[in-house]
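Just below is one structure, and these are the notes that go with it.
Here, each number is a calculation from the coordinates, and none is a lab measurement. This one's a predicted model, so the numbers in the text were calculated from it and none came from an experiment. Backbone-built Cβ (ideal geometry, glycine too); neighbour counts: all protein chains shown.
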Amino acid sequence: MADILRHRLTRLGVPVPGGLPAGHGMHPPTIPLGTQATIDTAEGTLTVQPAVV
């Protein structure tokens, strides 16, 4: 599935995060929706700003 997504999304020319340790599991990290985030493709990092409550 990852190969199919990579093939289809590469042509968009924008970074598409994948393989994040989030989702289902014993202790998944929370990634808030609607907050600012920065993707550094050179470093391979995703920095999520704190959510405003």
Exercise. Could you give me the ³J(HN,Hα) list for the stretch 27-42, computed from phi with Karplus coefficients 6.51, -1.76, 1.60 and θ = phi - 60°, whole Hz, x at Gly and Pro?
Worked result: 9, x, x, 8, 10, x, 8, x, 10, 7, 9, 10, 9, 9, 6, 5
Problem set entry | Relative contact order computed over the chain (Cα-Cα under 8 Å; 6+ residues apart), in percent | 21 percent
Seminar exercise, completed: Given backbone amide H placed at 1.01 Å from N, residues whose amide H is under 5 Å from that of residue 31, ignoring those fewer than 5 places away on the same chain, are none
Exercise. For residue 5 and residue 40, what does the FRET efficiency come to when R0 = 22 Å and r is the distance between their Cβ atoms, rounded to the nearest 0.05?
Worked result: 0.60
For this session: For an R0 of 30 angstrom, estimate the FRET efficiency from the Cβ-Cβ distance between residue 26 and residue 48 and round to the nearest 0.05.
Result: 0.90
Exercise. Only one of the listed values, (i) 72; (ii) 91; (iii) 116, was derived from the coordinates as volume of the Cα convex hull per residue in Å³; which label is it?
Worked result: (iii)
